[in-house]
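Notes for the one structure printed next.
The values are calculated or read from the model by the stated rules, or taken from the named source; none is laboratory data. Since we're looking at a predicted model, the values are computed, not measured. Please note: Cβ atoms are built from the backbone with ideal geometry, for glycine as well, and neighbour counts cover all protein chains shown. Please note that ligands, DNA and RNA were not included when accessible areas were found on the heavy atoms of the full protein model with its side chains. Shrake-Rupley method; radii C 1.70, N 1.55, O 1.52, S 1.80 Å.
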Amino acid sequence: MRNTEGRWLRLTVLGIVSAGLVLPILAGLWETARAAFGLLPAIGAETLSFDPWRQLLALPGFMTSLRLTLWTGFASTLLALAIATGFCAAMHERMDMGHSARLLTPFLAAPHAALAIGLAFLIAPSGWIARLLSPWATGWVLPPDLATVRDPYGIALILGLLIKEVPFFLLVMLAALSQVQVRAHLAAGRALGYGRGLVWIKVIAPQVYPLIRLPVFVVLSFALSVVDMAIILGPSNPPTLAVAMTRWFFAADTMLILPASAAALMQTVLVGTAILLWLGAERVAIWLGRFWVRRGGRGLSSGPGLALAGAGAVILMLLGAAALLALLIWSVTWRWPFPDALPESWSLRAWSRPSMGWGTALRETLAIGLATTALSLTLAIAWLEGEDRAGMSRARWAEGLIYLPLLVPQVAFLYGLSVTFLRTGISGGVVAVIWGHALFVFPYVMIALSDPWRALDRRMVRAAAALGAGPLRRLFAVKLPMQLRPVLTAAAIGFAVSVAQYLPTLFLGAGRIATLTTEAVTLSSGSDRRVTGVYAVLQAALPFAAYAAALMLPALLLRRRLGLAGAAP
Amino acid sequence: MNALELRDVTICPSATRVPLFAPLTLHVPAGSVTTIIGASGVGKSTLIDFIGGHLSAGFEASGQVTLNGRDVTRLPAEARRIGILFQDALLFPHLSVGDNLAFGLDRAVHGRARRRAAVDAALDQAGLTGFYDRDPATLSGGQRARAALMRTLLAEPQALLLDEPFSKLDPDRRADLRAFVFDHVRDRAVPVLMVSHDAEDAAAASGPLIALE
């Protein structure tokens, strides 16, 4: 009887999610696949063939690109996981969830592009670090001829990815750790003579890992397919596969779209294979781990490894903070000759003329971000409300549906999606871009809101029903106000995700929509750090403002409600 | 005529399909408090959930609930006009004490001033004069329980369910609140059904007693 409650709501939500989220991804993959086998009537390619693949393999630097992609993707993901695990092991007892989450927020909020540009300003041969050390320590009076950014090994790219991924892993690990009896198991393990570090590796980590597996796959897929950060920090000739195919898609020679599509299809296979490989490695790790646990080694000396990981996490956060500071300083610099530690003269000139471009980009970014967030939030709340009314818990396939856009690489379907949009006449406008952003904003909003929504005391809702409040009134007068904080946090996360989007704007805006992100990435290859700084500062400032609002609004609105402050029962 | 009636009510968890108790048929007349007594875990609160329309997914029930001759078994909770006093006060934390009462107040009371006056009168009755703007989190346990009762009564329920409403209070406060609750509900001349595992509650209710096994 109860399962029929809210059936229409659930069907509507499922319909919108299928048609709005899943269908575009499938249609995009389909069009990409057709083009990968020579079918793209728009450029006159109408014969089914393997030529695009032959072309792809023959393109200069292809194999190097592939190798580079695999190296940077796996290295950054593994390192980030190790550093985050070590940091948790070393610090967990001294961290409390609320404070740590607040400390991590700036790094989660900062868009990849802004952070990458700031990091380049920091570690480049003429960057801030070199300036701080010169000439007294290095003797350099001119920027040295070193490839510290865009290095052929992708070290700068890995570093940039780590600054974003370690805080993300820390956040999901902290959430997972709250479901594990850390203190009790740590005490039990240590009472059996195991060192703290080893209890973490042998007892705690195996309990945490299954809970963070999907986020690990999301990070792996992202690291293998990232474009904006790889353009700014990664090697440029040849670049990673994702950057290479983005270039081919936008090359003057439109025939390059065919091998680019083949590469995009290959990227999907690559990510799928990488996840399978990872799953295989899990099996091996479980087998080896069991063997290792049975030997009973106590290993009292795992301290140094933990300290190293802890130090690594701290260094990454300091680098991230310094990178954002470098952006701000450059945006108000007038003259800053090498090797001075600070600018010689300051100026607001780069900021003074919004009509020069950043005003428009700011407006576009805001409008797209707000619209996308509002749409995604509405859909997420409707979904959760549908689950509530049916009294159902989420099926695994539904959870998979939410994660789908985060697991399939963006480059793999966005070109195909732009072709579909072109055919249906919604291409190149703000609507197409908002739709594209929502594909990635919705999952994050949904993930952020689900746990707090389920944690709501159901008896409050029953009490409202017993007082005669119908479903709509229960939602708007009881649930949503009680969930103000998580709803606003989810909105801030969604907005930050939208602001950071690069590829969807690029592909679906057809070059006509310029946001802070697309402009910042384009400018990053130029020479004027002042102008680049302005765009990057604005790009980073928007998510910060959203997070700050999400933090402060509830404090303001609910300042007289102790029961929602988290302190009272 | 005014009565809450249960006919052959059984409830079982969907997983096991073993009924929690033997089929229950019950006539709860208006103006007195009928008490169902039983050990914890026997399904008293689940029975209250079923009568009020709040049965969780994971339970299946059969039988019929009628209120004043009207079959309410298939109605959603908000349409049954059955008030519930829960173990906890469950005041909405985002609303002030007065707004909590206003949330409950029957729609039939029109006009801002009249609604405000009704809420203020209820606050007076509960010994909470001047508490309209207070944060529920700053109230004592007894004050919260009285506010919750007032919120429930303002909705003009046609029947009342009491789900161990005194079990979480200190023993000395319990007697006071019990007297307060029973005084107010007897005035209403509506059927009242209480579940409890406390013999003192049942004695104070001084109405029919049913043991659930």
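Looking across B:72, B:28, B:42, one residue alone is more than 25 Å from residue A:564 (Cβ to Cβ), surrounded by fewer than 20 Cβ atoms within 10 Å (Cβ to Cβ), of a type in the set (Val, Ile, Thr) and more than 11 Å from chain A (Cβ to nearest Cβ). It is B:42.
Whether a residue is in contact with a Phe, Trp or Tyr (Cβ under 7 Å, 6 or more places away or on another chain) and touching a residue at least 12 places away in the same chain (Cβ under 8 Å) was assessed, and residue B:28 does not pass this test.
Against the list (1) within 21 Å of the chain's Cα centre (by Cα); (2) closer than 30 Å to residue A:187 by Cβ, the condition residue A:89 fails is (1). The lone criterion from (1) open to solvent by less than 10 Å² (accessible area, probe 1.4 Å); (2) more than 13 Å from every other protein chain (Cβ to nearest Cβ); (3) of a type in the set (Gly, Ala, Ser); (4) more than 26 Å from residue A:267 (Cβ to Cβ) left unmet by residue A:436 is number (4).
For residue A:90, the conditions (1) touching a residue at least 60 places away in the same chain (Cβ under 8 Å); (2) under 23 Å from residue A:507 (Cβ atoms) are fulfilled apart from (2).
Taking residue A:555, is it of a type in the set (Gly, Ala, Ser), closer than 30 Å to residue A:379 by Cα and not assigned by TED's automatic domain parsing to the domain that holds residue A:433? So residue A:555 passes the test. Remark: pairs (first residue in the range A:471-486, at negative phi and within 10 Å of chain B (Cβ to nearest Cβ); second residue among the charged types (D, E, K, R) and part of a helix (DSSP H, G or I); Cβ separation under 7 Å; 6+ apart in sequence or on different chains) = A:471/A:389. Does the range B:132-141 include one or more residues that are more than 11 Å from the chain's Cα centre (by Cα), more than 21 Å from residue B:45 (Cβ to Cβ), assigned to a helix (DSSP H, G or I) and more than 13 Å from chain A (Cβ to nearest Cβ)? So far as the range B:132-141 goes, no, none of its residues is more than 11 Å from the chain's Cα centre (by Cα), more than 21 Å from residue B:45 (Cβ to Cβ), assigned to a helix (DSSP H, G or I) and more than 13 Å from chain A (Cβ to nearest Cβ).
Scanning the range A:25-43 for residues that are open to solvent by less than 30 Å² (accessible area, probe 1.4 Å) and in contact with a Pro (Cβ under 9 Å, 6 or more places away or on another chain) returns A:25, A:35, A:36, A:38. Take the conditions (1) in contact with a strand residue (DSSP E or B) (Cβ under 7 Å, 6 or more places away or on another chain); (2) more than 12 Å from chain B (Cβ to nearest Cβ); residue A:410 misses just one of them, which is (1).
Restricting to the range A:507-545, what's the tally of residues that are in a loop (DSSP other than H, G, I, E, B) and open to solvent by less than 10 Å² (accessible area, probe 1.4 Å)? Before you say what the answer is, go through the steps one by one.
So the first thing to find is which residues in the range A:507-545 are in a loop (DSSP other than H, G, I, E, B), and the list is A:509-515, A:525-528.
Still in the list and also open to solvent by less than 10 Å² (accessible area, probe 1.4 Å): A:509, A:515.
Residues that pass the stated criteria total 2.
Here is the figure for the range A:546-563: residues that are open to solvent by 40 Å² or more (accessible area, probe 1.4 Å) and either polar (S, T, N, Q) or touching an Asp or Glu at 6+ places or on another chain (Cβ under 7 Å) (or both) total 2.
Picking from residues in the range A:44-63 that are open to solvent by less than 20 Å² (accessible area, probe 1.4 Å) and in contact with a Gly (Cβ under 7 Å, 6 or more places away or on another chain), the one that is nearest to residue A:308 (Cα to Cα) is A:52. In summary, residue A:323 fulfils each of the numbered conditions (1) over 28 Å from the mean Cα position of the chain (by Cα); (2) open to solvent by less than 40 Å² (accessible area, probe 1.4 Å); (3) of a type in the set (A, V, I, L, M) with the single exception of condition (1). Which of the residues belonging to the range A:326-345 are open to solvent by less than 30 Å² (accessible area, probe 1.4 Å) and assigned to a loop (DSSP other than H, G, I, E, B)? Residues satisfying the conditions are A:336, A:339, A:343. Restricted to the range B:150-209, and to residues there that are within 13 Å of another protein chain (Cβ to nearest Cβ) and open to solvent by 30 Å² or more (accessible area, probe 1.4 Å), the residue that is modelled with the lowest pLDDT is B:168.
Taking the range A:152-170 only, how many residues are within 26 Å of residue A:87 (Cβ to Cβ) and assigned to a loop (DSSP other than H, G, I, E, B)?
Filtering the range A:152-170 down to residues within 26 Å of residue A:87 (Cβ to Cβ) leaves A:153-170.
Retained after the next criterion (residues that are assigned to a loop (DSSP other than H, G, I, E, B)): A:153-154.
Residues meeting the conditions: 2.
The residue of the range B:77-99 that is least open to solvent (accessible area, probe 1.4 Å), among those that are closer than 18 Å to residue B:156 by Cβ and in a loop (DSSP other than H, G, I, E, B), is B:80. Scanning the range A:171-185 for residues that are among the aliphatic types (A, V, I, L, M), without any contact (Cβ under 8 Å) to a residue 60 or more places away in the chain and in a helix (DSSP H, G or I) yields A:172, A:176, A:184. Among the residues of the range A:451-463, some residue qualifies, meaning at least one is within 14 Å of chain B (Cβ to nearest Cβ), surrounded by 24 or more Cβ atoms within 10 Å (Cβ to Cβ) and of a type in the set (Gly, Ala, Ser). If only residues of the range A:4-38 that are modelled with pLDDT under 90 and outside any helix (DSSP H, G or I) are counted, the one that is farthest from residue A:261 (Cα to Cα) is A:5. Quick test for you: out of A:394, A:389, pick the one residue that is assigned by TED's automatic domain parsing to the domain that holds residue A:15, in a loop (DSSP other than H, G, I, E, B) and in contact (Cβ under 8 Å) with a residue 12 or more places away in the chain. It is A:394.
Just to check your reading of the model, which residue among A:297, A:280 is exposed (fewer than 15 other Cβ atoms within 10 Å of the Cβ), in a loop (DSSP other than H, G, I, E, B) and not β-branched (Val, Ile, Thr)? So that I can check it myself, show each step before the final result.
Values: A:280 fails: in a loop (DSSP other than H, G, I, E, B).
That would be A:297, the only listed residue that is exposed (fewer than 15 other Cβ atoms within 10 Å of the Cβ), in a loop (DSSP other than H, G, I, E, B) and not β-branched (Val, Ile, Thr).
From the residues in the range A:64-105 that are of a type in the set (Phe, Trp, Tyr) and open to solvent by 40 Å² or more (accessible area, probe 1.4 Å), which one is farthest from residue A:272 (Cα to Cα)? Among those residues, the one meeting the criterion is A:71.
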